[in-house]
Amino acid sequence: MKDTYIAKAGDVERKWYIVDAEGKTVGRLAAQIATVLRGKNKPVFTPHVDTGDFVIVINAAKAVFTGKKLRKKVYFHHTGYLGGGKYETAGDWMRKFPERVIEHAVKGMLPKNKLGADLFRKLHVFAGDKHPYAAQKPEELKIETR
């Protein structure tokens with residue numbers, strides 16, 4: 001009789017990957033990053049266990065949107081006060097805080113529970129090409145964009 005293997009949190013071997021976002025489409029990049037964070041690219045994937053790897057994204061300021069999304073895509077935030085709805089375009093976010101654009105896209109593709117919060121903590125996004133994680137010896141992650 002064959003049993004299904006279920007990974008345990010302590011048995012998972014985690015790697016560090018680095019992704020260069022320069023010239024990559026934000027949505028396609030985020031989808032592949034979310035897959036690695038979740039661990040779906042591994043044969044030991046278990047839905048309720050964090051089997052994913054760490055991901056460092058550099059050059060987030062050089063990621064691109066297709067079409068007219070820089071002007072037409074709108075991010076909404078509410079301050080909590082009456083009439084406190086704030087709307088900003090993707091172009092504004094790319095100028096002010098480009099890291100948040102990638103973080104927002106990836107977070108939307110992760111589970112909406114404690115597991116998703118744990119997975120999101122393993123994502124590190126930087127606007128430029130400098131990062132403080134050289135000691136972890138991250139491997140280059142090849143991202144395929146059409």
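The values are calculated or read from the model by the stated rules, or taken from the named source; none is laboratory data. Note that the coordinates shown come from a computational prediction; the quantities given were computed from them, not determined experimentally. When we count neighbours, we look across all protein chains shown, and the Cβ atoms used for this are built from the backbone with ideal geometry, even at glycine.
Scanning region 1-42 for residues that are farther than 21 Å from Gln136 by Cα, surrounded by fewer than 17 Cβ atoms within 10 Å (Cβ to Cβ) and out of contact with any helix residue (DSSP H, G or I) (no Cβ under 8 Å at 6 or more places or on another chain) yields Met1, Lys2, Asp3, Thr4, Tyr5, Ile6, Lys8, Arg28, Ala31, Lys40.
Among the criteria (1) touching a residue at least 40 places away in the same chain (Cβ under 8 Å); (2) out of contact with any strand residue (DSSP E or B) (no Cβ under 9 Å at 6 or more places or on another chain); (3) under 21 Å from Gly108 (Cβ atoms), the one Thr35 does not fulfil is (1). Filtering region 78-92 for residues that are in contact with a helix residue (DSSP H, G or I) (Cβ under 7 Å, 6 or more places away or on another chain) and crowded, with 17+ Cβ neighbours inside 10 Å leaves a non-empty set.
For residues in region 109-143 being of a type in the set (D, E, K, R) and farther than 22 Å from Thr51 by Cα, which is surrounded by the most Cβ atoms within 10 Å (Cβ to Cβ)? Spell out the reasoning first.
Of region 109-143, the ones of a type in the set (D, E, K, R) are 112, 114, 118, 121-122, 129-130, 137, 139-140, 142.
This time we only want the ones that are farther than 22 Å from Thr51 by Cα, so: 129-130.
Details: Asp129: 11, Lys130: 8.
Once the filter is applied, the top-ranked residue is Asp129.
Listed by first and then second residue, the pairs linking a residue in region 44-57 that is at pLDDT 95 or above and outside any strand (DSSP E or B) to a residue that is surrounded by 20 or more Cβ atoms within 10 Å (Cβ to Cβ) and of a type in the set (A, V, I, L, M), with Cβ atoms under 8 Å apart and 6 or more places separating them unless they lie on different chains, are Asp50/Leu119; Gly52/Val36; Gly52/Leu37; Gly52/Leu119; Asp53/Val36; Asp53/Leu37.
Of all residues in region 58-69, those being of a type outside the set (Lys, Arg) and assigned to a loop (DSSP other than H, G, I, E, B) number 5. Within region 111-125, being within 15 Å of Ile33 (Cβ to Cβ) and either in a helix (DSSP H, G or I) or not basic (Lys, Arg) (or both) holds for Pro111, Gly116, Leu119, Phe120, Leu123, His124, Val125.
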